[in-house]
């Protein structure tokens, strides 16, 4: 009797089960979509005596999920993380997998482009270099520049060895003395922009002393 209970209308029961499963999958998958976007690459664990000089800042990924979730997703919620703690000086290659990405659990990562990225790391160099003030214009007629002092006279730059060893001086932004007839104390920015090189200071003080010409001076 029990056997008859389970075998009666077996095909009808199987069809109902399949239909119910299909309906469940339809409900779950309906509204799902896929988007492709560029996400940032974050590097962590780099040793203090090393500098990262060449590395991709972004990778392109495809993300699948509910359309409503993807519509409201913030790009800051998705990123690739590369651990450099075991990396040494030179060029290294990393194959990106799903484990490298941080993203909401409700989303599915379906594609990574490129899958392999390369980074170049160099040992760090610290160097003291002189500051050169850039003066433009001329003092007022009858006046001349007597002395120019820069404080500090030298600064320390620090960064990848291949870049730092090519730096011999750093200039200030242009300082206009056109028509100057009195001493000038000026806080000047350094004309040096390189995100991979650090400076001990960003500004220097330039003190310009002028004197009035007297008859017989040239």
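Odds and ends about this structure:
- Residue identified as part of a loop (DSSP other than H, G, I, E, B) and farther than 14 Å from residue 129 by Cα among 210, 206, 214: 214
- Cross-chain or 6+ apart pairs with Cβ under 7 Å, the range 48-63 first and exposed (fewer than 15 other Cβ atoms within 10 Å of the Cβ), then at pLDDT below 85: 60/36; 62/34; 62/36
- Note on the range 124-151: residues that are loosely packed, with under 14 Cβ neighbours inside 10 Å and either more than 30 Å from residue 180 (Cα to Cα) or touching a helix residue (DSSP H, G or I) at 6+ places or on another chain (Cβ under 7 Å) (or both) amount to 2.
Residues are listed down the side, and each one gets a yes or a no for (1) under 30 Å from residue 53 (Cβ atoms); (2) touching a helix residue (DSSP H, G or I) at 6+ places or on another chain (Cβ under 8 Å):
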| site | (1), (2) |
| --- | --- |
| 153 | yes, no |
| 163 | yes, no |
| 194 | yes, yes |
| 199 | yes, no |
| 214 | no, no |
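The values are calculated or read from the model by the stated rules, or taken from the named source; none is laboratory data. Every value quoted in this text rests on a predicted model; they were computed, and no experiment measured them. Cβ atoms come from the backbone with ideal geometry, glycine included; neighbour counts cover every protein chain shown.
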